[in-house]
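To start, the structure itself, in structure tokens.
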Amino acid sequence: MTIAVFLGSLLLAMAIGMPIAFALLASGVALMWQLDLFDAQILAQNLVGGADSFPLLAVPFFMLAGEIMNVGGLSRRIVNLALALVGHVRGGLGYVTIMAGCLLSALSGSAVADAAALSALLLPMMVAAGHDKRRSGGLIAATGVIGPVIPPSIGLVIFGVAANVSISKLFLAAIVPGLLIGGALWVTWAWLVRHERLQPPARKSAAEIWKAARDAGWALLLPVIILVGLRMGVFTPTEAAVVAAVYAFFVATVIYRELSFKALYAVFVTAAKTSAVVMLLIAAAMVSAWLITVADLPAKVVGMLQPFLGNKILLMMAIMFLVMAVGTAMDMTPTILILTPVLMPVVNAAGIDPVYFGVMFIINNSIGLITPPVGVVLNVVAGVGRMRMDDVTRGVLPFMAAEFGVMFLMVLFPALVTVPARWFAG
């Protein structure tokens, strides 16, 4: 009955068009009434306490860093470097998209920011070169969802806070899985364009490649600073977010000189608005998380999944299918915040490595950003690229299938995640 009240009230609130944050609060109030615990003061305390977390400071700073990178020329220089390296091969602009997407993922950690930047910079070039616009938009959308996987990742930060798992370990464990997803997109694109007879641009000279690498050098140094700093214990993930924002600001204003102080105000406002939406979601979800714990819903879920507890692979398969289904109707952040307190007791009871589970959980939620009908990243690509949503959806299907294939490969062979994670963590 308790599960029915929680899910029923949440789905009903969403069905009538209530914003996700307020739907979470409504489901929390319904659960409090059902448990005979309603107290407005408790509701307010959990709402305020939900956002009162030092690790969550990483979210607004990574948001700010991503905005500065896009406006300040860092993202454009990354794309130019990828163009210089692989733009001349058959289907080269697709490989440029994938390479640039992986590099941008190591800078911003936001799928929406990466997809918007790639759509604005590369989609017109791909269409002008003769590539199918639907397929090009689909590739850009599928590449954008690598953003929340390769560190720094806002999704991993939120999961780490909600699950009480080391964010540094999550960051280091997600590097190889993110690159594997990029590799799957590379192979898929190569298969799709194998019969194309488009004339690629001329190969760049060594001098042009060196110039592009030198221009992008300051941007490429940022992920190195962050990963080495985390690996050596120089700073925490929250401090890494501050370093990223300050470094991006310095490069954009002093080195590249593309971000004026006049334009800085708009950058701060955009980052603040985006951060406010995410933080309100987190605060509202913490109310539900507290009530889920009080109602002992995790124990009920553990009981429902009892037949799978003896087989970690079957349990992970079941969880991944559950998250896939939820991801078709809900955005990444609320999915993480709602399901994490429910699933973590199951994961712990089965003896699954929480860092491994966290990486798999975020990968699944990231791919959910391109699963219709909600598909936030699909909407971004459609909006920036002036495309119909249906066209982007059809174009993304083969790439989405490849990403899900890699995800289930990592479910079948957990060593693909755990072995590199142990190596990076030392």
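The values are calculated or read from the model by the stated rules, or taken from the named source; none is laboratory data. All figures in this text were calculated on a predicted structure; none of them were measured in a lab. Because the Cβ atoms are built from the backbone with ideal geometry, glycine has one as well, and the counts that use them run over all protein chains shown.
Points worth noting:
- Yes/no for VAL176 being under 30 Å from VAL347 (Cβ atoms), assigned to a loop (DSSP other than H, G, I, E, B) and in contact (Cβ under 8 Å) with a residue 12 or more places away in the chain: no
- Close pairs (9 angstrom Cβ cut-off, 6 or more residues apart or separate chains): more than 11 Å from ILE181 (Cβ to Cβ) and part of a helix (DSSP H, G or I) in segment 397-420, acidic (Asp, Glu) and at pLDDT below 95 anywhere: VAL417/ASP353; THR418/ASP353
- Taken over segment 141-154, the residue count meeting the criterion of being small (Gly, Ala, Ser) and closer than 17 Å to LEU64 by Cβ is 2.
- Restricted to segment 1-61, the set of helices (runs of 4 or more DSSP H) holding at least 3 residues that are under 12 Å from VAL287 (Cβ atoms) comprises 20-34, 40-51.
- Long-range neighbours under 7 Å by Cβ, at least six apart or interchain, first residue in a helix (DSSP H, G or I) within segment 362-389, second modelled with pLDDT of 85 or more and of a type in the set (Asp, Glu): ILE367/GLU403
- Beta carbons closer than 6 Å, at least 6 apart along the sequence or on distinct chains, pair a first residue in segment 140-151 that is closer than 16 Å to ILE336 by Cβ with a second that is of a type in the set (S, T, N, Q) for VAL145/SER366; GLY147/SER105; GLY147/SER110; PRO148/SER366; VAL149/SER366.
- Which listed residue is among the aliphatic types (A, V, I, L, M), modelled with pLDDT under 90 and more than 19 Å from GLY375 (Cβ to Cβ), from ALA115, ALA111, ALA173, ALA100: ALA100
The rows are residues; the columns are (1) free of Cβ contacts under 8 Å to residues at least 40 places away in the same chain; (2) closer than 24 Å to GLY182 by Cβ; (3) of a type in the set (Gly, Ala, Ser).
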position: LEU11; (1), (2), (3): yes, no, no
position: ILE20; (1), (2), (3): no, no, no
position: GLY28; (1), (2), (3): no, no, yes
position: LEU31; (1), (2), (3): no, no, no
position: GLN45; (1), (2), (3): yes, no, no
position: PRO60; (1), (2), (3): no, no, no
position: LEU64; (1), (2), (3): no, no, no
position: SER75; (1), (2), (3): no, yes, yes
position: ASN80; (1), (2), (3): no, yes, no
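- Screening segment 20-72 for residues that are among the β-branched types (Val, Ile, Thr), under 29 Å from the mean Cα position of the chain (by Cα) and surrounded by fewer than 24 Cβ atoms within 10 Å (Cβ to Cβ) and picking the one that is nearest to VAL242 (Cα to Cα) gives VAL71.
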